[in-house]
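Q: I have a structure I would like to understand better, so I am pasting it below and will then ask my questions one at a time.
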Amino acid sequence: MAFERVLTRNVGKPEALTYKGYRQLGGYEGLAKALKMEPDAVIDEVKRSGLRGRGGAGFSAGLKWSFIPKGKDKPKYLVCNADESEPGTFKDRLLMEYDPHQLIEGCAICCWAVAANTTYIYIRGEYTKSADILERAIQEAYDAGVLGDSVMGSGFKLNMYVHRGAGAYICGEETGMLESLEGKRGQPRVKPPFPAVIGAFGAPTVINNVETLCNVPHIIERGADWFKSIGTDERNTGPKLYAISGHVERPGTYEYPIGVTFREMLEGCGGMLKGRPLKAFIPGGASAPILKADQIDIKMDFDTVAKAGSMLGSAAVIVMDDTTCMVRSVARLAKFFNHESCGQCTPCREGTNWMELMLKRIEHGEGTERDGQILLSICSHIGGNSLCALGDAAIGPVQSLVKGFQDEIDRHIKEKACPFPHRRYFEN
Amino acid sequence: MPKVTINGRTVEVEAGTNLVDAAIKVGVQVPHYCYHPRLSVVGQCRMCLVKIDGMPKLQAGCSTQVMKDGMVVHTDVPEVEEAQRGMMEFFLINHPLDCPICDQAGECGLQDYSFKHGVAYSRFQYEDKRTYPGRERIPLGANVLLNMNRCIQCTRCIRFTQEIAGTGELGFFNRGARTEIGTFPGRELSNPLATCVVDVCPVGALTSTRFRFAERVWYLDKKPSICTGCEVGCNITMEHRRGDIKRYKPRFNVEVNDYWMCDYGRSTFERYKLTPRLTAPRLRAAGANGNGHGVTFTSWQNALDTIHSRVQAAEGQGPEGGQIAILGSGFLTCEEAYLFGKLADGMGAAHRSVPVDLGPEWTIPRHQRPPIKGREQAPNRRGAELLGLSGPAEDLLQGDAAARCAVLIVTDSDFGQAAYSAEAVAKLRQAKFLVVFGWADSPLAQAADVALPVAHHGEKDGTFVNVEHRVQRFERAFPPPGQTRTAVEALGDLLSRFEEGWSNLTPGKVFDRLAGEIPAFAGLHWHDLPATGAALNVPGAAHNLSDQAAEAVSEASS
């Protein structure tokens, strides 16, 4: 499959880390073009390109920008969500570490479009290297006049700051991130009001994922029509990064046009580890329901994956072979969500805890026959009832376990132990 | 105003009203834990989920506002009931269910809602409950104790300290299922309103040190009353068992104390337990030495006759030694103050002061009004003054004016610190004949020639006028002990000895009579006095001014 690398075109070119090198590679042309356009025209172009948010929800980026109220009575903010903490997801890190100026350029174009004068890049606390690289790049951009009082001589003022998180998954939820940014305890807010109306410091705020913003310079530079020509259909356009991990020969971040089939992707990373058979895969990070091996030909775009009962999410693909105990895997995910629940709303706080305890019990061979039904019932009580999306995320893998792998649960119960080779995940 | 339909009943509400409040208007109770009308909306207990037509998911009633016409809400459909069952299960799986030893049992949100919305069995059978070892009885401050195992993380207490008390001592620590409430390092929950967090806590996680293990709440009898701690006159519920007061709880009155009251006010009932009671009229023979010799108990008849004859005898003695004085009290009800005023008129008493002690300034925050503040440690100095008792008290308490008195009537044996101070008692004792009314057997009562036991404010009906000239009624909670009578009855009998028309008095009759006579009370009637009290028509009273001016007045009076 022949295709052009767009987002990762500068990966492997160390000169892209410097301002000079990035310019030589054709960078900041998109920003220069955007500054000559009307802000509304920029929004329209992005809207027309069909770019959907790459952070997980897949909401139209241009539409999101258009929600920002016009007028100057309040400052406006762009917050770039670089709090990449979903298990299996490591695509934004690549973009920040190998092509920081691409992100800066994307942020600057977005700020021009919505008339925001401040960008905060909220970066996951553990990403120390990415943060250092970004800060160096931002300093260079200031020195080169790309940021500061007059962006590329246009008179548009833009400041950019890197804000490091302190290691909470929930701060990747947009309102949790805003709370954390404001110096409060990172827990999601009640919505509405949405951040586009009342966001950071009470002002209208756009929140976009790193990868989403990295797409923007290319859309402006090469046009929405070029962007739309990539991908499966009108609603799933553009290049996409897939973070592939698990039982594959060469795990890593791969760029494909959105809508590549899972089979092609698997071939691209060298196939299954040691040629073992595929059992299941998670198409979109820890919160996506698990798909079985018979879905191997699925097109990895937002709508097709959703139709199959899962979600593309952050496109973190976790591949599992036949040696994997599904109960143990899901129990590990449940442990993650229990650990990362912020604790403010009841269904998520109590439900994720209960699910983890129950799945651990089943894994230890102490399950009962009612457990599957009780798990589904807990999921239905959490799903849709929690304050933010973390509750909904936590039930995805559990529901798919009970619905798709009931036989494995039954084997654990019947054999009173895990039937798979033991690996110690649950010492504590 | 937009219309909203809840369970088939349509009601018009102000734009911006949330669904929990709107539902109350049509008589539908939406269960909730974290929502409190005076605290910010956080929508995190998820108990108030309701179904709104046109919305794909259930919505939290507390955080959904009625903005325009046509919202159709259901709270009795299967989806909502299933969600409520689910939430109740989540609350209870890690709750200790130690109701038999929990102070909150009987007034617990978890008990009420699990009865109404929960299920009777548990599916949480094999796992261990989450506990917080070592966090079962943490004193957060002098008055509040935390049992973390019982907490349902509704954060009402946190929001109270941040938004109402403004002190912010409490916070959330840790996260997920291990989330806990606590004070920030080096701080304790010591603000003057601290015990309100116990009231807002829907479960038994926060309990009052004062009330802890004092009584099972279902044995408590409750009466609407008024706090006597200061001139603010916070509305309270007096909760007692057979005359033994167990606690005061704030009673909602948007005009006075909103939902709150201060910790000092909550402690004021303890004086009724710590001070010995007068339970029978007591006479002291001339020349008795105060060691109990010559002191006899007598009948009310005899005691009142004695006072009557001493007053009449005083009339023949000139101004040096023949004066009659009345020492008022800020603890008198309006009705008593009125009758004492009449008595003073009848006897020709010149001195009729109302001494009150000053404390630190107590402040109660209110909703959309400036906070109400009080310094005087008595509930009704203003009422007493409106009803004819006023004047400086120094000449009696510090000077030697009592020596010129043939009869000195002290209206309350507990009128202030002076009743317990040897010097002040000695000054008052210089009167030739000292009469003391009161519930407390204070040193002043012990020095009296006639000590008359009258009911304290839990044992009588009456009205107080607070710092903003609002007259508020309170009810008798339990009967007075022994031969104690209410002061209104006793004064009626005493007044009848001087003139006609004072027999068979009740506080209601007296109130209606004084309302006909005193301009400030004009138009008020005992039986239709509003539950929130009535603002008196007094020039310059804070409630007659604009909010800004009222603030200035309360600033100036502090």
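Where a number appears in this text, it was derived from the coordinates with a stated rule and is not lab data. These figures come from a predicted structure and were not determined experimentally. Here the Cβ positions follow ideal geometry from the backbone for every residue, glycine too, while neighbour counts run over all protein chains shown.
Q: Just to be sure I understand: if I project the alpha-carbon convex hull of the protein assembly as shown onto a plane and average over all orientations, what area do I get in nm²? Each step should come with its number before you reach the end.
A: Numbers: hull surface 190.9 nm².
The directionally averaged projection comes out at 47.7 nm².
Q: Of A:K307, A:K360, A:K20, which is the most mobile in a GNM of chain A whose springs link Cα atoms less than 10 angstrom apart?
A: A:K307
Q: Please find the FRET efficiency linking B:R187 to B:A15, where r is the Cβ-Cβ separation and R0 is fixed at 56 Å, and quote it to the nearest 0.05. Write out the running numbers ahead of the final one.
A: Numbers: r = 40 Å, r/R0 = 0.71.
Computed FRET efficiency for B:R187 and B:A15 comes out at 0.90.
Q: Moving on to the next point. Search the structure for amide H atoms under 5 Å from the amide H of A:V79, placed 1.01 Å from N in the peptide plane, and list their residues when 5 or more places away or on another chain.
A: Residues meeting the criterion, in which the H sits 1.01 Å from N, are A:Y120, A:V206, A:I207, A:N208.
Q: Compute the whole-percent fraction of alpha carbon pairs in the stretch B:86-211 spaced more than 22 Å apart.
A: For the stretch B:86-211, the share of Cα pairs beyond 22 Å comes to 34 percent.
Q: Antiparallel versus total DSSP beta bridges in the stretch B:3-76: what percent is that, nearest 5? Spell out each step's value before the answer.
A: Numbers: 10 of 13 bridges.
Approximately 75 percent, going by the DSSP bridge assignments.
Q: Taking a temperature of 4 °C and a viscosity of 1.567 mPa s, what whole-number D in µm²/s does Stokes-Einstein yield for the stretch B:323-362 with Rh from Kirkwood over alpha carbon pairs?
A: On the way: Rh = 11.1 Å.
D = 117 µm²/s.
Q: Mind checking the mean number of beta-carbon atoms from other chains within 10 Å of the Cβ atoms in B:163-174?
A: Partner-chain Cβ atoms within 10 Å, mean over residues of B:163-174: 1.
Q: Of all the Cα-Cα pairs you can form in chain A, what percent are over 31 Å apart?
A: 40
Q: Additional query: If you wrap a convex hull around the C-alpha atoms of the stretch B:282-557 and split its volume per residue, what is the figure in Å³? Can you show the working numbers first?
A: Working: hull volume 37.4 nm³, N = 276.
Value for the stretch B:282-557: 135 Å³ per residue.
Q: Sticking with this one: Whole Å is fine, so just give me how far the alpha carbon centre of the stretch B:436-492 lies from that of the stretch B:214-249.
A: If you average the Cα positions of each part, the centres end up 17 Å apart.
Q: Just for the protein assembly as shown, what percent of DSSP beta bridges are antiparallel, to the closest 5?
A: Once the DSSP bridges in the protein assembly as shown are tallied, antiparallel ones form about 65 percent.
Q: If we count other beta carbons within 10 Å of each Cβ, what is the order of B:F90, A:F67, fewest first? Intermediate values should be presented prior to the final figure.
A: Details: B:F90 28, A:F67 13.
Ranking B:F90, A:F67 by Cβ neighbours within 10 Å, fewest first, gives A:F67, B:F90.
Q: When only alpha-carbon atoms count, how far does the stretch B:296-383 stretch along each of its three principal axes, as whole angstroms with the largest first?
A: That works out to 58, 31, 22 Å along the principal axes.
Q: Moving on. If one computes the Cα centroid of the stretch B:347-391 and of the stretch A:241-260, what distance in Å separates the two points?
A: Taking the Cα centre of each part, the stretch B:347-391 and the stretch A:241-260 sit 78 Å apart.
Q: Then there's this: Fewest Cβ neighbours within 10 Å first, please rank A:I409, A:I378 accordingly.
A: Ascending number of Cβ neighbours within 10 Å: A:I409, A:I378.
Q: Restricted to Cα positions, what overall size does the stretch B:1-78 have along the principal axes? Three whole-Å values, descending.
A: 28, 26, 22
Q: Further question on the same structure: Set the Förster radius R0 to 45 Å, insert the Cβ-Cβ distance between B:H527 and B:F213 as r into 1/(1 + (r/R0)^6), and round the FRET efficiency to 0.05.
A: The calculated FRET efficiency here is 0.70.
Q: How large is the helix-only mean residue ellipticity at 222 nm for chain A, computed as the sum of -39500 (n - 2.57) over DSSP H runs with n ≥ 4, divided by its residue count, in deg cm²/dmol to the nearest 500?
A: -12500 deg cm²/dmol
Q: Two decimals, Cα atoms only, Kirkwood Rh: what is Rg/Rh over the stretch A:143-239?
A: Reported Rg/Rh (Cα atoms, Kirkwood Rh): 1.05.
Q: Can I get the semi-axes of the stretch B:417-542's equivalent ellipsoid? Compute them from the C-alpha gyration tensor as square roots of 5 times the eigenvalues, in angstrom, largest first.
A: One finds semi-axes of 29, 19, 16 Å for the stretch B:417-542.
Q: Averaging over all projection directions, find the projected area of the Cα convex hull of chain B and quote it in nm² with one decimal place.
A: Details: hull surface 119.0 nm².
Quarter of the Cα hull surface area: 29.8 nm².
Q: Based solely on its DSSP helices, what 222 nm [θ] is calculated for chain B when runs of n ≥ 4 H residues each add -39,500 (n - 2.57) and the sum is averaged over all residues, nearest 500 deg cm²/dmol? Don't jump to the answer; show the numbers that get you there.
A: On the way: 16 runs with 134 residues, N = 558.
Roughly -6500 deg cm²/dmol at 222 nm, from the helical runs in chain B.
Q: Using a 10 Å cut-off on Cβ to Cβ distances, tally the other chain neighbours for every residue of B:114-124 and report the average as a whole number.
A: Shielding by partners across B:114-124 averages 1.
Q: Using a 7 Å offset from the Cα along the Cα-to-Cβ direction at both B:D305 and A:K292, what is the distance between the two label points in nm, to one decimal?
A: A separation of 10.5 nm, rounded to one decimal place.
Q: In addition: For the stretch A:236-321, what is Rg from Cα atoms divided by 2.2 N^0.38 Å, rounded to two decimals?
A: Working it through for the stretch A:236-321, the quotient is 0.95.
Q: Here's another thing I want to ask about it. Under a cut-off of 19 Å between alpha-carbon atoms, report the lysines in cross-link reach of B:K223, not counting same-chain residues fewer than 8 places apart.
A: In chain and number order, the partners are B:K246, B:K249, B:K273, B:K460.
Q: Hey, another quick one. When the convex hull of the Cα atoms of the stretch B:297-450 is projected onto a plane and the area is averaged over all directions, what value comes out in nm²?
A: Values: hull surface 39.5 nm².
It is 9.9 nm².
Q: Something else now. If the cut-off is 29 Å between C-alpha atoms, which lysines fall inside it for A:K70, apart from same-chain ones fewer than 8 positions away?
A: The reachable lysines, counting only those whose Cα sits under 29 Å from A:K70, are A:K33, A:K36, A:K47, A:K157, A:K184, A:K191, A:K228, B:K68.
Q: Further question: How far apart, in nm, are two points set 7 Å out from the Cα along the Cα-to-Cβ line at A:Q24 and at B:N7?
A: Here the answer is 7.5 nm between the modelled labels.
Q: Sticking with this structure for a sec: How many nm is it between the label spots at A:R5 and A:R370, if each spot is 7 Å from the Cα in line with the beta carbon?
A: Label at A:R5, label at A:R370, 5.6 nm between them.
Q: Continuing with the same structure: Please work out the ratio of the alpha-carbon Rg of the stretch B:461-535 to 2.2 N^0.38 Å and round it to two decimals.
A: 1.20
Q: Also: Please state, to two decimals, what the Cα-based radius of gyration of the stretch A:286-406 comes to when divided by 2.2 N^0.38 Å (N = residues).
A: 1.03
Q: Let me ask something else about it. Measuring from centroid to centroid over Cα atoms, what is the spacing of the stretch B:96-163 and the stretch A:304-377 in Å?
A: 27
Q: Another question about this same structure. Exposure proxy check: B:S190, B:S225, B:S114 ranked by fewest other beta carbons within 10 Å? Before the final figure, lay out each step's value.
A: Details: B:S190 15, B:S225 27, B:S114 19.
Going from sparsest to densest Cβ surroundings: B:S190, B:S114, B:S225.
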